[in-house]
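Q: Got a structure here, written out as structure tokens. Questions coming.
The values are calculated or read from the model by the stated rules, or taken from the named source; none is laboratory data. Remember, predicted model here, so these are calculated numbers, not experimental data. Positions of Cβ are generated from backbone atoms using ideal geometry, with glycine treated the same way; all protein chains shown enter the neighbour counts. When the accessible area is computed, the model is the full protein with side chains, heavy atoms only, and any ligands, DNA or RNA have been set aside. Shrake-Rupley method; radii C 1.70, N 1.55, O 1.52, S 1.80 Å.
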Amino acid sequence: MEKMLIDVDTGVDDALALLYLGKCGKCEIEAVTTVCGNATVANTTKNTKYVLGLLEAQAPVYSGAARPLAKELYTAKSHGHAGLGNIEGVPEACLDGLAEYKIGAAVSSNAGITILALAPLTNIALALGRYGEQMAGARYVIMGGAVRDGGNVTEYAEFNFYVDPDAAAKVLASGLDITLVPLDVCRKLVLTRRQLDSLPETTEVKAMKAMLEPYLADYEPAFGGAVLYDPLAAMIALDQKEAKTEGMCIQVETTGGRRGSCTPTAGEVKVVTEIDEEYYLREFLRVFA
Ligand code: BDR
Ligand code: CA
């Protein structure tokens with residue numbers, strides 16, 4: 001069983017990743033930490049608690065940064081008004097602000113834990129600032145960056161890196177053991193309405209459908225279905241068999257028109273460059289079937 005701490009800005013695709021991880025039987029969730037991104041941290045925290053509440057196994061939730069390291073918060077457009085599509089009535093959650101401390105504690109007390117970062121890297125950068133070299137005791141799997149393709153916020157930048165480019169630059173230059181799952185490969189993993197409708201109407205699948213409503217409508221014209229960014233990173237964190245990586249050094253631009261863009265050169269960050277999308281889609285559907 002892989003031990004994991006998951007950092008999220010829940011978010012429709014973060015929610016699908018959490019549901020997958022909670023149900024796949026391959027990992028033990030040490031904690032979930034939340035950050036602003038797709039929505040405010042108040043909304044991403046209550047969304048996270050709502051999603052974990054759909055699962056039998058519960059995990060503790062710690063809230064984190066309410067704003068990026070240095071920039072104004074920019075939230076997403078395709079996840080509905082509070083981040084979880086058409087899900088209504090999600091109860092308020094208390095904000096403890098403890099995410100960066102929990103990340104440091106989890107790394108110190110669990111050698112080799114996986115930190116799965118599915119959001120702007122603000123919490124990870126803050127933990128790195130606070131705990132320094134101790135943070136090297138973990139492996140990091142990060143969804144973010146547009147390495148070989150155009151971005152999804154600007155021509156150049158992927159959302160997580162655009163929202164907090166200063167945090168992304170700091171983490172990517174840290175020398176930590178990082179596997180980066182960039183936008184380019186995530187765009188290959190698409191869930192169609194037909195595949196969604198083929199799943200049995202369990203509680204989680206009903207919730208998934210309500211979450212996915214505005215997100216699917218937004219993605220369908222260009223991709224034919226919903227792009228599963230965060231679920232792909234989650235699956236790769238547990239099983240890298242069908243994902244090819246190349247060593248790169250990723251320099252993240254922090255200002256100007258190219259804010260959040262990546263310049264790759266040769267280096268140590270394991271960047272996923274190819275996936276067998278059918279393999280990962282089958283695995284995603286298996287868990288909900
Ligand atoms: C990333 O940005 C967010 O909107 C998604 O949750 C995902 O983590 C994709 O660019
Ligand atoms: Ca996310």
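Q: Going Cα to Cα from LYS23, which aspartates and glutamates come in below 18 Å? Please leave out same-chain ones fewer than 8 positions away.
A: GLU2, ASP7, ASP13, ASP14, GLU56, GLU201, GLU204, ASP230, ASP239, GLU283
Q: HN-Hα J couplings of segment 76-93 from phi, Karplus 6.51/-1.76/1.60, θ = phi - 60°, integer Hz, Gly and Pro as x?
A: 7, 9, 9, 9, x, 5, 10, x, 10, x, 8, 6, 10, x, 6, x, 4, 10
Q: Filter the chymotrypsin sites (Phe, Trp or Tyr not before Pro) in segment 246-289 down to the DSSP loop ones having no more than 14 other Cβ atoms within 10 Å, then list what survives. Before the final figure, lay out each step's value.
A: Details: sites: TYR279, TYR280, PHE284, PHE288; in loops: none.
Sparse-neighbourhood loop chymotrypsin sites (Phe, Trp or Tyr not before Pro): none present.
Q: Short version: ³J(HN,Hα) in whole Hz for each residue of segment 9-21, in order, from phi by Karplus 6.51 cos²θ - 1.76 cosθ + 1.60 (θ = phi - 60°), x for Gly and Pro, what are they?
A: For segment 9-21, the Karplus curve yields 10, 4, x, 4, 6, 4, 4, 5, 5, 5, 5, 4, 5 Hz.
Q: Could I ask something else about it? Going by amide H atoms built from the backbone, whose H comes under 5 Å of the H on GLN251, apart from near neighbours?
A: HN-HN under 5 Å from GLN251: THR263, THR265.
Q: Would you compute, from DSSP H runs of 4+ residues alone, the mean residue ellipticity of the chain at 222 nm, taking -39500 (n - 2.57) per run and dividing by the full residue count, rounded to the nearest 500?
A: -11500 deg cm²/dmol
Q: Same structure again: Please give the solvent-accessible surface of VAL205 in Å², to the nearest 10, using a probe radius of 1.4 Å with every protein chain present.
A: 0 Å²
Q: In terms of solvent-accessible area of protein heavy atoms at a 1.4 angstrom probe, what is the ranking of ASP96, ASP239, ASP230, highest value first? Write out the running numbers ahead of the final one.
A: Values: ASP96 65, ASP239 25, ASP230 5 Å².
Ranking ASP96, ASP239, ASP230 by accessible area, largest first, yields ASP96, ASP239, ASP230.
Q: Along segment 64-72, what does the Karplus equation 6.51 cos²θ - 1.76 cosθ + 1.60 (θ = phi - 60°) give for ³J(HN,Hα), rounded to whole Hz, x for Gly and Pro?
A: Going residue by residue, I get x, 4, 8, 8, x, 3, 9, 9, 5 Hz, with x marking Gly and Pro.
Q: Give the lysines reachable from LYS270 as a straight Cα distance under 21 Å; neighbours fewer than 8 places away on the same chain don't count.
A: LYS3, LYS170, LYS188, LYS241, LYS244
Q: Ok, one more. Just to confirm my numbers, what's the Cα centroid distance between segment 109-125 and segment 199-242 in Å?
A: 22 Å
Q: Please give me the summed charge of the neighbours of LEU84: other residues whose Cβ is under 15 Å from its Cβ, Lys and Arg +1, Asp and Glu -1.
A: Values: positive: LYS46, LYS49, LYS77, LYS206, LYS209; negative: ASP9, ASP13, ASP14, GLU88, GLU92, GLU204, GLU213, ASP218, ASP230.
Net local charge, LEU84 excluded: -4.
Q: Kindly work out what percent of the DSSP beta bridges joining two residues of segment 2-288 are antiparallel, to the nearest 5. Let's see the in-between values first.
A: On the way: 13 of 38 bridges.
That works out to approximately 35 percent antiparallel.
Q: Under a 1.4 angstrom probe, counting protein chains only, how are ASP177, ASP9 ranked by accessible area, largest first? List each step's numbers first, then the result.
A: On the way: ASP177 70, ASP9 0 Å².
Order by accessible area, largest first: ASP177, ASP9.
Q: For the chain, build the charge dipole from Cβ charges (+1 Lys, Arg; -1 Asp, Glu) around the Cα centre, then report which of LEU228, LEU199, LEU16 sits farthest towards its positive end.
A: Of the listed residues, the answer is LEU16.
Q: Could you tell me the convex hull volume per residue, in Å³, taken over the Cα atoms of segment 77-193? Please list the in-between numbers first.
A: On the way: hull volume 16.5 nm³, N = 117.
Considering the Cα atoms of segment 77-193, their hull volume per residue is 141 Å³.
Q: Probe 1.4 Å, all protein chains in place: accessible area of SER198 in Å², nearest 10?
A: 90 Å²
Q: Another question, then. Considering only protein heavy atoms and a 1.4 Å probe, what is the carbon-and-sulfur percentage of the accessible area of segment 2-288?
A: 47 percent
Q: Which sequence of ILE87, ILE113 reflects their accessible areas, 1.4 Å probe, from the largest down? Could the numbers behind the result be given before it?
A: Working: ILE87 25, ILE113 0 Å².
Largest accessible area first, the residues go ILE87, ILE113.
Q: Follow-up question, since we're still on this one. Starting from a Cα-only point model with no solvent, please compute log10 I(q)/I(0) by Debye for segment 2-288 at q = 0.12 1/Å.
A: -0.66
Q: What are the lysines whose alpha-carbon lies under 20 Å from the alpha-carbon of LYS77, with same-chain residues fewer than 8 places away excluded?
A: Straight-distance partners of LYS77: LYS46, LYS209.
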